[in-house]
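Working notes for the structure below.
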Amino acid sequence: MRADLAARKNRQVLEIGYLFNRKYWHLGYAAEAAAACRDLALDRLQAEEVCCIIRDSNEPSQKTALRIGMKPQDGEIRHCRGQDMRHTRYVLSRRLREEQEAQREKRL
């Protein structure tokens with residue numbers, strides 16, 4: 001086990017999760033809800049980082065995480081529904097968010 005993964009397993013992190021009824025998929029609700037949670041965590045709670053842990057086959061959720069500024073950082077195997085499934089942890093730190101906002105300002 002890598003040292004950073006072992007250290008992460010021994011601390012609490014804020015994780016954003018979203019689950020919508022299928023008829024509400026692909027309407028932007030997940031990105032809107034995830035962005036609101038991101039802002040709450042980083043701005044009001046002053047968290048250093050926030051993450052999403054997403055199954056590798058779940059491309060829509062991966063796109064949502066990327067859309068709100070998260071970057072894939074590391075992964076792990078989780079046992080779900082009787083199977084081992086690879087998951088990737090997408091992370092947005094306060095520092096990375098500030099860099100993204102500064103780049104956005106330069107473009108304007």
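The values are calculated or read from the model by the stated rules, or taken from the named source; none is laboratory data. None of these values were measured; they are calculated from a predicted model. Note that we place each Cβ from the backbone using ideal geometry, even for glycine, and neighbour counts take in every protein chain shown. The accessibility values were calculated without ligands, DNA or RNA, using every heavy atom of the protein model including side chains. Shrake-Rupley method; radii C 1.70, N 1.55, O 1.52, S 1.80 Å.
Across region 25-35, the qualifying residues are those that are without any contact (Cβ under 8 Å) to a residue 12 or more places away in the chain and open to solvent by 60 Å² or more (accessible area, probe 1.4 Å), and the one among them that is farthest from ILE68 (Cα to Cα) is LEU27.
Considering only residues that are of a type outside the set (Gly, Ala, Ser) and in contact with a strand residue (DSSP E or B) (Cβ under 9 Å, 6 or more places away or on another chain), which ones fall in region 16-39?
Those that are of a type outside the set (Gly, Ala, Ser) and in contact with a strand residue (DSSP E or B) (Cβ under 9 Å, 6 or more places away or on another chain): ILE16, TYR18, CYS37, ARG38.
The listed residues are LEU19, LEU66, LEU96, LEU92, and the only one of them that is touching a residue at least 24 places away in the same chain (Cβ under 8 Å), open to solvent by 80 Å² or more (accessible area, probe 1.4 Å) and under 15 Å from the mean Cα position of the chain (by Cα) turns out to be LEU66. Counting the residues of region 36-54 that are open to solvent by less than 20 Å² (accessible area, probe 1.4 Å) and without any contact (Cβ under 8 Å) to a residue 40 or more places away in the chain gives 3. Residues in region 68-108 that are in contact with a strand residue (DSSP E or B) (Cβ under 8 Å, 6 or more places away or on another chain) and either of a type in the set (S, T, N, Q) or part of a helix (DSSP H, G or I) (or both): GLN73, THR88, SER93, ARG94, LEU96. The criterion of at least 1 residues that are modelled with pLDDT under 95, closer than 26 Å to ARG95 by Cβ and touching an Asp or Glu at 6+ places or on another chain (Cβ under 9 Å) is met by the following helices (runs of 4 or more DSSP H) wholly inside region 2-67: 3-9. Could you check region 69-89 and list, in sequence order, the residues that are at positive phi and open to solvent by less than 60 Å² (accessible area, probe 1.4 Å)? GLY69 - this is the single residue of region 69-89 that is at positive phi and open to solvent by less than 60 Å² (accessible area, probe 1.4 Å).
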